1. Looking at region 47-92 only, could you name the residues that are within 27 Å of residue 310 (Cβ to Cβ), part of a helix (DSSP H, G or I) and in contact (Cβ under 8 Å) with a residue 24 or more places away in the chain?
2. Identify the single condition in (1) outside any loop (DSSP other than H, G, I, E, B); (2) touching a strand residue (DSSP E or B) at 6+ places or on another chain (Cβ under 7 Å) that residue 247 does not satisfy, given that it satisfies every other one.
3. Among the residues of region 41-62, what is the count of those that are within 24 Å of residue 87 (Cα to Cα), over 25 Å from the mean Cα position of the chain (by Cα) and either modelled with pLDDT of 95 or more or surrounded by fewer than 12 Cβ atoms within 10 Å (Cβ to Cβ) (or both)?
4. Considering every residue within region 144-157, establish whether at least one is assigned to a helix (DSSP H, G or I) and modelled with pLDDT under 95.
5. Quickly run through region 303-351 and pick out the residues that are surrounded by 19 or more Cβ atoms within 10 Å (Cβ to Cβ), within 27 Å of residue 221 (Cα to Cα), out of contact with any helix residue (DSSP H, G or I) (no Cβ under 9 Å at 6 or more places or on another chain) and touching a residue at least 60 places away in the same chain (Cβ under 8 Å).
6. Take the residues in region 110-143 that are out of contact with any strand residue (DSSP E or B) (no Cβ under 7 Å at 6 or more places or on another chain) and assigned to a loop (DSSP other than H, G, I, E, B); name whichever of them is farthest from residue 47 (Cα to Cα).
């Protein structure tokens, strides 16, 4: 099964749409891909000597196998770890001018001792900062935080954002069974608000739901879009966005399952939020387009508003040209150009 999954994701480029996106729909500001995965080789090399997870094993032919847990490996590592210049070349071919690079599963360090997690993330963040510096205006990188320890998270945030200049936070939507919002981590969210950077949600592989999924297909295909939706609801229901209304989140995959069930969830009691859920979705959340179910896009527009939809492909798992074709085939030219032009308000793109 692991080989089949890896072959599928590694061949994503060959499954791309056979046409480029329409140039006449691209705004003057260009297109930004808000969910783009790049795994620096230097960081993977650091994981190669580890006994605990995450760790990297070098297999036949020198290929890297990234193990996140005993039965959980990251597909397409060789594609993910190609040189950043290669990724940028692919983006340019697809008409993408800038990419937002996030750690994704490289942030699966929430089970580690905080000191060890901080040491690993410091190397990863330096690689991201170097890529930003080499490609100004083309790469915007996100920081991962060791949310298992608020003190460590505050320290690494000040280093990654305050000193290295990373542009936002990548937050895994499962914290090894711990809540995403409680008294211990309010200080972390407050510091994110003070830095005035967005929070990008990303599903976690090491999540309690994994035990209930029968295989990778269920875990990633269904479990992840539920997991991120549950996380968004937890954040809203905690009252965090009333305490820190300036926080901005980017929810991947058009908000997961949340847009489909918001009308069911909204009247159910039990939330500590001051406003209905719909208020926060339209004021504190953006969603990205990295989804391939046609009706999902129109549902997200109706739920969040057209101005809260930002382009993303989930590269390399969905080809950028394919994602553009899906949008351009479903929407009017005006709607398509609006999505391409939309930006997350507090993400510093052009620095």
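1. 77, 79, 80, 84, 87, 88, 90, 91
2. (1)
3. Adding up the residues that qualify gives 3.
4. No, every residue in region 144-157 fails to be assigned to a helix (DSSP H, G or I) and modelled with pLDDT under 95.
5. Hit for region 303-351 is 344, nothing else.
6. The selected residue is 136.
Residue-wise test of (1) more than 20 Å from residue 96 (Cβ to Cβ); (2) assigned to a loop (DSSP other than H, G, I, E, B).
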{"residue": "232", "(1), (2)": "yes, no"}
{"residue": "267", "(1), (2)": "yes, yes"}
{"residue": "296", "(1), (2)": "yes, no"}
{"residue": "322", "(1), (2)": "no, no"}
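For (1) without any contact (Cβ under 8 Å) to a residue 12 or more places away in the chain; (2) over 19 Å from the mean Cα position of the chain (by Cα); (3) surrounded by fewer than 20 Cβ atoms within 10 Å (Cβ to Cβ), each residue gets a yes or a no:
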{"site": "102", "(1), (2), (3)": "no, no, no"}
{"site": "115", "(1), (2), (3)": "no, yes, yes"}
{"site": "130", "(1), (2), (3)": "yes, yes, yes"}
{"site": "155", "(1), (2), (3)": "no, yes, yes"}
{"site": "164", "(1), (2), (3)": "no, yes, yes"}
{"site": "172", "(1), (2), (3)": "no, no, no"}
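The values are calculated or read from the model by the stated rules, or taken from the named source; none is laboratory data. Keep in mind it's a predicted model, so treat the numbers as computed, not measured. Positions of Cβ are backbone-derived with ideal geometry, glycine not excepted, and every protein chain shown enters the neighbour counts.
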